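Q: A single structure is presented below for examination.
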Number of protein chains: 2
Amino acid sequence: MNALLLVAHGSRRQESNDEVTLLAEKLRTSCRDNFTIVHTGFLELATPSIPEGIEQCISDGASQITVLPYFLNSGRHVVDDVPEIVAAVKKEHPDTDIIVAPHLGASSLMVDLLIDQAKSASVG
Amino acid sequence: MNALLLVAHGSRRQESNDEVTLLAEKLRTSCRDNFTIVHTGFLELATPSIPEGIEQCISDGASQITVLPYFLNSGRHVVDDVPEIVAAVKKEHPDTDIIVAPHLGASSLMVDLLIDQAKSASVG
């Protein structure tokens with residue numbers, strides 16, 4: 001089974017973490033054709049951690065896990081921290097295929113999304 | 001003329017600010033039908049500031065400006081800081097229609113974008 005792990009930075013504000021959890025719930029109902037399992041993992045300041053999120057995916061039966069960094073900029077967290085954490089967990093689970101997707105900000109659809117967002121506001 | 005002001009947090013890492021500037025350039029070439037003018041404004045740590053970005057839009061001839069917060073979470077910056085800064089600038093420009101769009105993370109297209117991003121990685 002394919003799993004999607006939505007990875008966010010984590011915040012001291014519980015509301016921000018709840019927004020990520022809610023987004024994962026929306027993903028869970030929308031991407032069943034491609035990902036049977038969806039969990040979250042936070043880099044810091046919130047739980048579950050990224051390793052805990054990966055473990056949840058595996059214990060749910062995932063054979064492939066796509067780690068998706070919910071970050072806008074390709075800063076240190078995206079370039080170094082997330083891949084290093086994932087690489088460490090991979091060593092413990094050599095039979096599980098774990099890949100890290102490009103971060104959200106790198107999406108080719110971002111421009112279209114921003115234009116849609118701006119248009120809907122200016123019309124309203 | 002309609003203007004779009006892409007508002008980001010700003011970073012000590014110049015590369016992160018450059019990514020926002022590059023995104024604004026992509027917007028500039030993609031949204032001409034809806035927004036003739038596109039500028040950036042940073043909340044902190046980088047320039048132009050949000051007021052400076054609004055002034056650039058006005059000096060380019062904007063009569064309506066849509067301020068689009070490039071933020072994932074509805075934290076203090078999105079809820080308080082950006083609207084307060086925009087409200088202060090609006091007082092100086094009562095003839096310009098300035099609205100603040102919902103922040104990026106609130107987009108109804110976010111789930112689809114994330115699924116697309118995850119799918120393209122897991123296929124590759």
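Q: Quick check: anything in the stretch A:9-22 crowded, with 16+ Cβ neighbours inside 10 Å and without any contact (Cβ under 8 Å) to a residue 12 or more places away in the chain?
A: Looking for residues that are crowded, with 16+ Cβ neighbours inside 10 Å and without any contact (Cβ under 8 Å) to a residue 12 or more places away in the chain, one finds at least one in the stretch A:9-22, hence yes.
Q: Answer yes or no as to whether A:CYS57 is modelled with pLDDT under 95 and open to solvent by less than 60 Å² (accessible area, probe 1.4 Å). Working first, answer last.
A: On the way: modelled with pLDDT under 95: no; open to solvent by less than 60 Å² (accessible area, probe 1.4 Å): yes.
No, not satisfied.
Q: How about the stretch A:92-124: which of its residues are β-branched (Val, Ile, Thr) and either within 8 Å of chain B (Cβ to nearest Cβ) or in contact with a strand residue (DSSP E or B) (Cβ under 9 Å, 6 or more places away or on another chain) (or both)?
A: Residues satisfying the conditions are A:THR96, A:ILE98, A:ILE99, A:VAL100, A:VAL111, A:ILE115.
Q: Do you know which of the residues in the stretch A:73-92 that are open to solvent by 20 Å² or more (accessible area, probe 1.4 Å) and in contact (Cβ under 8 Å) with a residue 12 or more places away in the chain is nearest to B:LEU72 (Cα to Cα)? Working first, answer last.
A: Narrowing the stretch A:73-92 to residues open to solvent by 20 Å² or more (accessible area, probe 1.4 Å): A:73-74, A:76-81, A:83-85, A:87-88, A:90-92.
Now drop any that are not in contact (Cβ under 8 Å) with a residue 12 or more places away in the chain, which leaves A:73-74, A:77-78, A:81, A:83, A:85, A:88.
Values: A:ASN73: 11, A:SER74: 14, A:HIS77: 15, A:VAL78: 15, A:ASP81: 19, A:PRO83: 21, A:ILE85: 22, A:ALA88: 27 Å.
Filtering first and then ranking leaves A:ASN73.
Q: Which of the residues that make up the stretch A:53-81 are touching a strand residue (DSSP E or B) at 6+ places or on another chain (Cβ under 9 Å) and over 16 Å from A:ASP97 (Cα atoms)?
A: Passing the criteria: A:PRO69, A:TYR70, A:PHE71, A:LEU72, A:ASN73, A:HIS77, A:VAL78.
Q: Quick one: is A:CYS31 open to solvent by less than 20 Å² (accessible area, probe 1.4 Å) and at pLDDT below 95?
A: Yes: the conditions hold for A:CYS31.
Q: Does the stretch B:75-90 contain at least one residue that is modelled with pLDDT under 95 and either facing chain A (nearest Cβ under 7 Å) or within 18 Å of B:ALA3 (Cα to Cα) (or both)?
A: There is at least one residue in the stretch B:75-90 that is modelled with pLDDT under 95 and either facing chain A (nearest Cβ under 7 Å) or within 18 Å of B:ALA3 (Cα to Cα) (or both).
The values are calculated or read from the model by the stated rules, or taken from the named source; none is laboratory data. These numbers come from a predicted model, not from an experiment. Please note: Cβ atoms are built from the backbone with ideal geometry, for glycine as well, and neighbour counts cover all protein chains shown. We work out accessible area using only protein heavy atoms, side chains counted, and drop any ligands, DNA or RNA first. Shrake-Rupley method; radii C 1.70, N 1.55, O 1.52, S 1.80 Å.
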